[in-house]
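The values are calculated or read from the model by the stated rules, or taken from the named source; none is laboratory data. Keep in mind the model is a prediction, meaning the values are calculated, not measured. FYI the Cβ positions are ideal-geometry reconstructions off the backbone, even for glycines, and counts take in every protein chain you see.
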Amino acid sequence: MTVSDARPFSRRAWLLSERPASRMQARLGRAYVAWRRFSANRLAFVGLLIIIALLLVAALAGVLAPYSPTFGDLKNARLLAPSAQHWFGTDDLGRDILSRILYGSRWTLYVVILVAIIAAPIGLLVGTVAGYAGGWTDAILMRITDIFLAFPKLVLALAFVAALGPGIENAVLAIAITSWPPYARIARAETLTVRNSDYIKAVQLMGASPFRIVLRHIMPLCISSLIVRVTLDMAGIILTAAGLGFLGLGAQPPLPEWGTMIASGRRFILDQWWVAGAPGFAILFVSLGFNLLGDGLRDALDPRSGDQ
């Protein structure tokens, strides 16, 4: 075996070592094993490519879009069918639908990222505190969670948006308020499995406060399960945001949000199907990507899965 053959082998053996010499080695080893599991799942890899494509499209929308997303030629380009000049056709105001979909990807990412940033930490905090404290704290926090879970997410989001007023920011806030309970449930379940473990007992004997135990030792153990659930929920968040936009309670015209585009195109669904069909397919495609990615992450980050 040559030196060039030995180097990748030694690097792989270092990553897969059962006795890591440092925290960095242990973390890199776990990441390497998770990547091997993930990359072996072809559908999950397809989902990853779809999400990467979404990120690139959102970042380069100003370069890729051939026309303005908000202004069109109402006199000469109204409701044109898909063609070489307008790949996805035009809407009732003469605006290029492809350009609006490209710019609309930014609003889609805006919604899902903000909802994840707001809802996931709230659910993680509520779930870990409830699971670790137990007693009345657990009972009160979980009953509040059950109240939110008792209502369909879209119906509850509609109620909050009706109270806050229409707009993309209020829609994000409403979706985030209705999205945290499942994360709290997952975090509580993870906390209950580890709070009486020897690892936590040792930390308690060292004099760590409950706040430090929850923040530094229990929350990190819940992160992987939370990442999987957030990724799987992205499709539902997109659909909820599109539903609010469709009902006129989310993004307001002339913003090129996909749900709003479907709402404006429903009047022409029989004759000019592309007006509502193009943003509908965009929602379907991106939602499928998040679902495939979430399934792959669930398999890759599951500690009970063996190395593939």
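General remarks:
- For region 194-207, the tally of residues that are of a type in the set (S, T, N, Q) and exposed (fewer than 11 other Cβ atoms within 10 Å of the Cβ) stands at 1.
- Where helices (runs of 4 or more DSSP H) fall wholly inside region 217-308, the ranges with 3 or more residues that are modelled with pLDDT of 85 or more, more than 20 Å from L154 (Cα to Cα) and of a type in the set (A, V, I, L, M) are 219-246, 274-301.
- When L48, L56 are screened for being surrounded by 12 or more Cβ atoms within 10 Å (Cβ to Cβ), without any contact (Cβ under 8 Å) to a residue 24 or more places away in the chain and closer than 30 Å to Y110 by Cβ, only L56 passes.
- Unique residue being crowded, with 16+ Cβ neighbours inside 10 Å, of a type in the set (A, V, I, L, M), closer than 16 Å to L297 by Cβ and at pLDDT 75 or above when the list is A34, A40: A34
- For region 257-284, filtered to residues that are hydrophobic (A, V, I, L, M, F, W, C) and out of contact with any helix residue (DSSP H, G or I) (no Cβ under 7 Å at 6 or more places or on another chain), the residue that is nearest to G94 (Cα to Cα) is W273.
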